[in-house]
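Report on one structure; see the data block that follows.
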Amino acid sequence: MFLSINWLKEFTPYTGSLDELAHQLTMLGLEVEEVLNPFAHLEPFLVGHVLDCSPHQNADSLSCCQVDIGGETPVAVVCGAPNVAAGQKVAVAPVGSSLPGGMKIKKAKIRGALSQGMICSEKELELSEDHSGIMVLDPKCTPGTGLLQALNLDTVVLDIGITPNRADCLSILGLAREVAAAFDLPLHLPEFQLQEEGEACSSLIRIQIDAPELCPLYQARIIQGLSIRPSPAWMRYRLLSMGLRPINNVVDVSNYVMLELGQPLHAFDRSLLEGGVIRVGCAADGQKFTTLDNQERVLGSGDLLIQDGVKPVALAGVMGGANSEINAHSTDLLLESAVFDPGNTRRTGRSLGLSSESAYRFERGVDQPGSTFALDRAAGLIQSLAGGRICTGRAVSEPRPWTPRVVDFRPKRAQSLLALSTDAAASQKVLENIGCGVRPLHDKTLRVTPPSYRLDLEREVDLIEEIGRFHGFERIEAALPRIRKSPLDADAQVLGASLASHEFLNRTKTWAQGQGYAEAVNYSFCSRQELESLGLADEGIIPVHNPLSAEQDSMRPALAPGLLRNVRTNLDQGNQNLRFFEIARVFQHDPRSETTAREANRLGLLCHGRRNPSFWPWTDEAVSYLDLKGAIEHFFLSLGLEPARFSPGDAPQYCRSRIRMTLRGEDIGFLGRVQPGIAKDLYHARTPVWISEIDLDVLYRLSRGQSVVYRPWVKFPPVQRDITLICPPEVSYSQIQDVIAASNIPAQESISLQDVYQPDQSFECNLTLRITYRHHKKTLTDKEVDKQHFELGKKLLKALPVRFPA
Amino acid sequence: MTGEDFAGRLEAIERDFARALERLEREADLEALRVAYLGRKGSLAQLMSSLPELPAEQRPAAGKRANECKKTLLDLLSAKQDALQAGGQTADRSRFDATLPGRRDWIGSKHPVTLVLDEICAAFTAIGFDVVTGPEIENDFYNFEALNIPREHPARDMQDTLYISDSIVLRTHTSPLQIRTMETSPPPLAVIAPGKVYRRDADLTHTPMFHQIEGLLVDEEVSMADLRGTLTYFVRTIFSKKTRVRFRPSYFPFTEPSAEVDISCVICRGTGFCGADPCRVCKQTGWVEILGCGMVDPAVFEKVDYDPERWTGFAFGLGVERVAMLKYCIDDLRLFFENDVRFLNQFQAC
């Protein structure tokens, strides 16, 4: 909402500084976002006095003028306007200034005559569309003064953010009330003349409200015999200063009064209304109606229409109809001042994609008793600008008259909630200052009647906020609260569990950082198309109903799309050797969930490029399966879990090597290499991209509740023996591990893989294992170990198609 | 053998040892020499084994002499070792470059949003708040209705919403956690709820996803002074101890009274100027808006069956990216979600 300081001063005699005003408004919750000069572009222009005006010798349509612009000598200006004449006071753009359109004024020769400036039309100054001639100013203006001062323009306008609860502040009057209350100033309502004559309005038009729940009040006045003209300058300038385009004297007045008092008004050309009746009722479903912006709208049965005897003429509170709009030839009008239901107005506006200053105010609520004053004010103003006769009285239907609310207010409650020591008398003064009626009930309670324009004051707590606002939140002292926890019952544990899982995610982040991965944060959306290209677009995908773009039309079912996009972004920027992790939710449709979605916390790990951060002293190798697998095993071990089982399986299609991970029989994720074609074509990666996603909720469940219990270690010395097995391709390391684990060799303690060697041109592979033997009660002799080791070798040969080297 | 023979042989051992030591050049050969003379089967041990052959009265003196010999050999050995090591260092200096890069591994990083989120959570858990989390895809009821934002209320315009369906939304704030927490836990309680939130908005200063932290404290006789104290503590923990805090009345449907909190600009320290230049972060006002807060609206308590006459409380919500931008002087919101490693790597030290 714009607040012109000049306009404000018509309501309340504020004389303080602008800074003080802006600060005070902000601290009242009316945040001053900007201080504007809507006419800043006119700053360089001056009042000029045309001393002499003679025809140009070489051009019939031009005049050569001598213009006094306050300097020692007049300047020569060549002017092409037909109406320029000696003696006029005019608006001059001096040399060096620029017109609002951007044209720079320079000293020039025009057909041989010197020109040192330009005499401007209103259009050139962007004050109106009038380009028929130059703008002629009041003869009383002094040459050389700034045009801004000469026209008395509103050069200081505050742009104020109005919160949705403060409908009353969507007007100059409402803001003036706040200023008056804050600075303890008087408030003056606009004064106007209203001369009624002739027939009673109510005998010319009948108001019939068919939907009283959506329209508590509809009233109108009729003005006859007026003439539509452009508004006078003061009106046009004021509307311009408030960011509105002047149209004509009638439309301008309705806009002006809306800005001034907050009541939207609508003027119909009465000659286009039929049947002597205004009916307010709901549209038929599918009914078509053309609004005054010449758009045909298809309405629903909830949309409220203003209709005459035969046709709809306005979309109530939102926009008038093209069929009854005021035009240049209108002479009789019907001026509407009504109250429409906020919710319904908003719904109509939203469903039609139609917003207007009027709807904006009705949605937030207007002052029902105040609408009569606004109607009279507008009628008086129209009469003074457009002439005509105002018919006697108003045509009114008010099926639901305004009833004031009564709220009981306990000053003590305000004191304890605000932690301010304000007594009942001080509270009463604040409430009276903002227009409330206050009557002490007894010593502990005040009975308060908020004014009709403060629709937000419904409850005691709303009044408490007013006390706080006017005393100043800044006067509230800071104190730390005592924090008590609710008793340790089952419910309280819910909170604790949440904290633990939150900490688990943090711990995982710390682990991943320690492993040298950089944390990425991607949007939770991705595009369906991308999911399809990755083979992830199964039926569980949750589409976003109103996405900002096709790139964000689906909730991600996996972290891969985001992480892979990070690869592309970075490679395109020349950043190589990428290691990312991300911890975030993935989403899957689930009809059993109260939110129709299942959300799971995932860890995504991705690596691409070199295994190590530098060449020397490392070697130059690309990351491989074992690097990412090793990281994951490290993670599980660091959580006190055993390494997962990695086996080829049903991992996402976009991966070439698909490895599933299971832990204690539960699927916890996959690990794989992105298909080279996909990596290269979609994500610009020419070397392997390894990726893994791990379900952190499952992992959290498996890892939690583990407590560390100290165990003494065996004090007898270990003995180690190596064994080398020649393995055909079908034998995997895990099979060997399993056979050894199941071998029941009593003193066999652990195994470690010493070497993997694949001779050239052989499908077989030599695995060398180091077996550790240790007895918990004695030192093993060489003989005993040899026997067990031999036994183990036999079991391996029996269980698997492996052999020993010759 | 007599005592004299024995002593003579000891001298011979010492002489031979000294000579051998003289010729020795490499530290690695010391061990072999030690074994040959001082080892279990070395020459000294062999000689010692003949000690019982001596007459009984000569044995103590011979034994003493043998121990002295052993000590002499060990001293010589150790002196030689020191000399070789010292010489070795001089000799190795040409090959050893202490300035070559070490075998250094990757350095990872946490995202600045995580860093700030953790820091804020830690500040609040330190004074007794619990952490709660909830769904990002949320019912209209929790996101709006229960928070006193009915359908067709203009307050819905404050948050452009992304919908999954008519009644399911991507949560526009972390405030649904207020309701979810109070539904499952009786008062008193104090929780914070960090998480991702979504708005249908994308421009220079808005991204469709960002992070918030919600706070909620409910107890008897909670006042705005408690709110002010808690947030002042928070701001001074995250920024500096000298940060000033300003409360301005505002409006949120689920708090009453409601306030916006400004802090003195952390860039220009509230002066409005950075040197002679106007501060761009606070636009010369000296204040930057950092969060919204207020006393829990009685209507919200009624939705969760808390008695609004007995219980009062406060709630606040703050944007994590906003705090991170101020804290790390990040001037472009979009950097947070591009994941360019040149951005992410700058947080390795955090």
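When region A:7-48 is filtered for residues that are in contact with a strand residue (DSSP E or B) (Cβ under 9 Å, 6 or more places away or on another chain), under 22 Å from A:Leu239 (Cα atoms) and of a type in the set (S, T, N, Q), only A:Asn37 remains. Take B:Ser240 and tell me if it is of a type in the set (Gly, Ala, Ser), more than 20 Å from B:Trp311 (Cα to Cα) and either open to solvent by less than 10 Å² (accessible area, probe 1.4 Å) or more than 8 Å from chain A (Cβ to nearest Cβ) (or both). Answer is yes for this residue. If you filter region B:332-349 down to residues that are surrounded by 15 or more Cβ atoms within 10 Å (Cβ to Cβ) and among the hydrophobic types (A, V, I, L, M, F, W, C), you find that the one that is farthest from the other protein chains (Cβ to nearest Cβ) is B:Leu333.
Condition check ((1) polar (S, T, N, Q); (2) farther than 13 Å from A:Arg721 by Cβ; (3) modelled with pLDDT of 95 or more; (4) not in a helix (DSSP H, G or I)) across all residues:
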| position | (1), (2), (3), (4) |
| --- | --- |
| A:Pro746 | no, yes, no, yes |
| A:Glu749 | no, no, no, yes |
| A:Val756 | no, yes, no, yes |
| A:Asp760 | no, yes, no, yes |
| A:Arg770 | no, no, yes, yes |
| A:Thr779 | yes, yes, no, yes |
| A:Lys783 | no, no, no, no |
| A:Ala806 | no, yes, no, yes |
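Note on region A:558-595: among residues that are open to solvent by 40 Å² or more (accessible area, probe 1.4 Å), under 29 Å from the mean Cα position of the chain (by Cα) and facing chain B (nearest Cβ under 10 Å), the one that is modelled with the lowest pLDDT is A:Glu594. For region A:318-369, give me each residue that is of a type in the set (Gly, Ala, Ser), out of contact with any strand residue (DSSP E or B) (no Cβ under 9 Å at 6 or more places or on another chain) and touching a residue at least 40 places away in the same chain (Cβ under 8 Å). Of everything in region A:318-369, those that are of a type in the set (Gly, Ala, Ser), out of contact with any strand residue (DSSP E or B) (no Cβ under 9 Å at 6 or more places or on another chain) and touching a residue at least 40 places away in the same chain (Cβ under 8 Å) turn out to be A:Ala328, A:Ser351.
Inspect all residues belonging to region A:214-234 and state whether any of them is within 14 Å of another protein chain (Cβ to nearest Cβ), open to solvent by 20 Å² or more (accessible area, probe 1.4 Å) and at pLDDT 95 or above. Yes - at least one qualifying residue is present in region A:214-234.
For region A:760-789, filtering for residues that are surrounded by 11 or more Cβ atoms within 10 Å (Cβ to Cβ) and aromatic (Phe, Trp, Tyr) leaves 1. Among the residues of region B:167-207, the ones that are within 8 Å of another protein chain (Cβ to nearest Cβ) and without any contact (Cβ under 8 Å) to a residue 12 or more places away in the chain come to 4 in all.
Out of the residues in region B:208-223 that are surrounded by 19 or more Cβ atoms within 10 Å (Cβ to Cβ) and closer than 17 Å to B:Phe301 by Cα, which is farthest from the other protein chains (Cβ to nearest Cβ)? Please lay out each step first, then the result.
First, pick out the residues of region B:208-223 that are surrounded by 19 or more Cβ atoms within 10 Å (Cβ to Cβ): B:208-219, B:222-223.
Checking which are closer than 17 Å to B:Phe301 by Cα leaves us with B:214-219, B:222-223.
On the way: B:Glu214: 13, B:Gly215: 11, B:Leu216: 11, B:Leu217: 6, B:Val218: 9, B:Asp219: 6, B:Val222: 6, B:Ser223: 4 Å.
Among those that are surrounded by 19 or more Cβ atoms within 10 Å (Cβ to Cβ) and closer than 17 Å to B:Phe301 by Cα, it is B:Glu214.
Does at least one position in region B:105-115 carry a residue that is more than 30 Å from B:Leu326 (Cα to Cα) and either in contact with a strand residue (DSSP E or B) (Cβ under 8 Å, 6 or more places away or on another chain) or of a type outside the set (Gly, Ala, Ser) (or both)?
We begin by selecting, within region B:105-115, every residue more than 30 Å from B:Leu326 (Cα to Cα); these are B:105.
Next, from what is left, pick out any that are either in contact with a strand residue (DSSP E or B) (Cβ under 8 Å, 6 or more places away or on another chain) or of a type outside the set (Gly, Ala, Ser) (or both): B:105.
Checked region B:105-115: at least one residue is more than 30 Å from B:Leu326 (Cα to Cα) and either in contact with a strand residue (DSSP E or B) (Cβ under 8 Å, 6 or more places away or on another chain) or of a type outside the set (Gly, Ala, Ser) (or both).
Taken as a whole, the condition of being open to solvent by less than 20 Å² (accessible area, probe 1.4 Å), outside any helix (DSSP H, G or I) and closer than 27 Å to A:Leu417 by Cα does not apply to B:Glu260. Does region B:286-302 include one or more residues that are at pLDDT 95 or above, closer than 27 Å to B:Leu189 by Cα, more than 9 Å from chain A (Cβ to nearest Cβ) and open to solvent by 20 Å² or more (accessible area, probe 1.4 Å)? Scanning region B:286-302, I find at least one residue that is at pLDDT 95 or above, closer than 27 Å to B:Leu189 by Cα, more than 9 Å from chain A (Cβ to nearest Cβ) and open to solvent by 20 Å² or more (accessible area, probe 1.4 Å), so the answer is yes.
With respect to the conditions (1) crowded, with 22+ Cβ neighbours inside 10 Å; (2) facing chain A (nearest Cβ under 7 Å); (3) in contact with a helix residue (DSSP H, G or I) (Cβ under 9 Å, 6 or more places away or on another chain); (4) modelled with pLDDT of 95 or more, B:Asp226 falls short on a single one, namely (3).
In region A:707-740, how many residues are open to solvent by 80 Å² or more (accessible area, probe 1.4 Å) and either touching a residue at least 24 places away in the same chain (Cβ under 8 Å) or outside any loop (DSSP other than H, G, I, E, B) (or both)? Break it down into steps so the answer makes sense when it comes.
Let us first name the residues in region A:707-740 that are open to solvent by 80 Å² or more (accessible area, probe 1.4 Å), namely A:707-713, A:715, A:720, A:729-730.
Going one step further and asking which of them are either touching a residue at least 24 places away in the same chain (Cβ under 8 Å) or outside any loop (DSSP other than H, G, I, E, B) (or both), we end up with A:708, A:720, A:729-730.
Adding up the residues that qualify gives 4.
In region B:135-166, the qualifying residues are those that are open to solvent by less than 10 Å² (accessible area, probe 1.4 Å), in contact with a helix residue (DSSP H, G or I) (Cβ under 8 Å, 6 or more places away or on another chain) and outside any helix (DSSP H, G or I), and the one that is nearest to the other protein chains (Cβ to nearest Cβ) is B:Glu138.
The values are calculated or read from the model by the stated rules, or taken from the named source; none is laboratory data. Quantities reported herein were computed from a predicted structural model and do not represent experimental measurements. Cβ atoms come from the backbone with ideal geometry, glycine included; neighbour counts cover every protein chain shown. Note: areas computed on protein heavy atoms with side chains; ligands, DNA, RNA excluded. Shrake-Rupley method; radii C 1.70, N 1.55, O 1.52, S 1.80 Å.
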